[in-house]
Amino acid sequence: MSLFTSVARPALFRLGGGDAEHAHEWTLERLAKLPAPALAAMRRWYGFSAPVEVFGVRFPNRVGLAAGVDKNGIALPAWPALGFGFVEVGTVTAKPQPGNDKPRLFRAKASEGIVNRMGFNNAGAAALADRLAELGPLDVPLGVSLGKSKVTPLEDAVEDYLTSYRLLHPYADYIAVNVSSPNTPGLRTLQDKDAIAALLKALAGPVPVLVKIAPDLTRPAIAELLDVCLDHGAAGIIATNTTLSRDGLAAADRHLASEAGGLSGAPLTARAREVVRFVHTESGGRLPIIGVGGIMSADDASRMFDAGAALVQLYSGFIYKGPDLVLEVARGARPSRAAAAR
Ligand SMILES: Cc1cc2nc3c(=O)[nH]c(=O)nc-3n(C[C@H](O)[C@H](O)[C@H](O)COP(=O)(O)O)c2cc1C
């Protein structure tokens with residue numbers, strides 16, 4: 001048991017009467033205010049260098065912060081100090097939006113999972129662009145995740161993504177096209193062949209574009225999407241987003257089965273890995289993969305690498321295990337020789 005799981009986590013989980021979103025915001029605000037000497041000290045403790053180049057970008061290590069943790073880039077300098085080798089901000093949308101009604105974030109503690117239906121609450125692409133301009137370059141690669149504004153009809157999605165892209169691509173080492181959140185009505189239909197082709201065509205340019213996919217797609221649907229990604233120059237795949245399935249919830253968390261939203265964390269581990277393996281095999285290793293979903297230990301990360309991931313990201317694992325997990329994965333996860341060569 002670490003200091004995080006024995007002391008910090010219980011305190012954080014009690015904040016705001018146990019309200020998960022309150023604890024999240026509180027933590028982000030504290031991280032955002034850390035002074036430079038504190039960041040430097042954290043970096044000495046948590047930093048781990050094992051550089052690798054993937055889709056033309058050089059990463060100091062293979063472990064990234066997943067999209068959704070720091071949607072508006074509030075605490076950006078804290079993430080490299082906590083050991084992350086890259087950070088994905090967002091998902092942001094062209095128009096600022098409040099997201100769904102609260103409560104919309106639930107801990108499935110017995111299952112080490114999270115159910116969320118945040119609905120892309122964010123300050124908008126222009127606000128993030130201002131923030132990134134003010135901050136200057138990070139010392140790790142920055143991914144920017146783009147989604148569709150809720151009020152924009154699906155048929156105008158390309159223009160909506162393009163608006164965000166124009167504002168943000170100058171700051172991004174890669175762009176993540178999020179077409180897989182279950183919490184914006186109709187968004188997942190943008191994973192269809194024609195829709196994703198139109199998006200990739202519109203966003204083609206100097207910045208690598210990766211597509212983030214849902215774990216609930218069928219194999220034929222993934223195969224079709226991969227063909228389009230290969231045809232239209234996508235730089236890679238991020239697999240996976242949260243799942244609509246409620247398999248793997250412990251009995252103590254069954255009450256969360258009826259909450260709308262996506263499930264992440266340990267219940268997703270096996271499925272996300274299966275999707276990564278399928279993407280890797282089906283694409284013949286031609287599309288680099290960022291593996292995300294239920295990585296709760298260095299062992300889970302090693303298996304994700306062996307399934308074909310070139311990089312990994314953490315969200316739920318970071319909430320349940322804290323920054324020790326970042327270091328553990330960066331230091332201990334062993335990509336197979338094939339993965340290391342990617
Ligand atoms: C509260 C919450 C908010 C999220 N928001 C986003 C988001 O804005 N964009 C996105 O691409 N993924 C988002 N995700 C999905 C994560 O990035 C990740 O793909 C998913 O949680 C699986 O990883 P995990 O099991 O490590 O949490 C969110 C996840 C959670 C739990």
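The values are calculated or read from the model by the stated rules, or taken from the named source; none is laboratory data. Remember, it's a predicted structure, so these values are computed and weren't measured experimentally. Reconstructed Cβ throughout: ideal geometry from the backbone, glycine too, with neighbour counts over all protein chains shown. Keep in mind that these areas ignore ligands, DNA and RNA; they rest on the heavy atoms of the full protein, side chains included. Shrake-Rupley method; radii C 1.70, N 1.55, O 1.52, S 1.80 Å.
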Completion exercise
Under the rule rounded for a/c under 1.5, else prolate if a/b exceeds b/c, else oblate, using alpha carbon gyration tensor axes a ≥ b ≥ c, the range 1-148 is classed as oblate
Exercise for the section: State the answer as a single residue: which of LEU142, MET42, PHE59 lies farthest towards the positive end of the charge dipole of the chain, with beta carbon charges of +1 for Lys and Arg and -1 for Asp and Glu, about the Cα centre. Expected result: MET42
Problem - Cα-based shape type of the range 24-107, given that a ≥ b ≥ c are square roots of the gyration tensor eigenvalues and the cut on a/c is 1.5 - result: oblate
Problem - Accessible-area order (highest first, 1.4 angstrom probe) of the listed residues MET1, MET118 - result: MET1, MET118
Handout entry: Extended-chain gain in nm, criterion 0.36 nm per residue less alpha-carbon gap, ALA221 and LYS33
Key = 63.3 nm
Practice task
Using label points projected 7 Å from each Cα along Cα→Cβ, tell me how many nm separate GLU259 and ARG44, to one decimal.
Solution key: 4.0
Problem - Accessible area (Å², 1.4 Å probe, nearest 10) - LYS193 - result: 100
Fill in the blank from the handout: Sorted by chain and then number, the residues having a modelled amide H within less than 5 Å of the amide H of ILE238, at least 5 places away or on another chain, are VAL211, LYS212, ILE213, ILE290
Fill in the blank from the handout: SASA check, TRP26, accessible area w/ 1.4 Å probe, all protein chains in place, rounded to nearest 10 Å², comes out at 90
Problem - Estimated inter-spin distance, ALA197 and PHE13, nm [label 7 Å along Cα→Cβ] - result: 4.9
Completion exercise
Here the Kirkwood hydrodynamic radius of the range 3-340, Cα-based and in Å, equals 19.7
Fill in the blank from the handout: In whole angstrom, the spacing between the Cα centers of the range 264-316 and the range 100-117 equals 22
Handout entry: Nearest-20 debye value, the range 3-340 charge dipole, Cβ charges on Lys, Arg, Asp, Glu
Key = 700
Problem - Above-threshold pairs, the threshold being 21 Å between Cα atoms, out of LYS148/LYS193; LYS109/LYS212; LYS71/LYS95 - result: LYS109/LYS212
Problem - FRET efficiency for ASP101 and ALA127, using Cβ-Cβ distance with R0 set to 25 Å, rounded to 0.05 - result: 0.70
Completion exercise
Residue-normalised 222 nm signal for the chain, counting each DSSP H run of n ≥ 4 as -39,500 (n - 2.57), nearest 500 deg cm²/dmol, is -11000 deg cm²/dmol
Exercise for the section: Write down the accessible area per residue of the range 3-340 in Å², having rolled a 1.4 Å probe over the full set of protein chains. Expected result: 40
Problem - Counting DSSP beta bridges with both ends in the chain, the antiparallel % (nearest 5) - result: 30
Fill in the blank from the handout: Carbon/sulfur accessible area of the range 3-340, % of total, 1.4 Å probe, equals 55
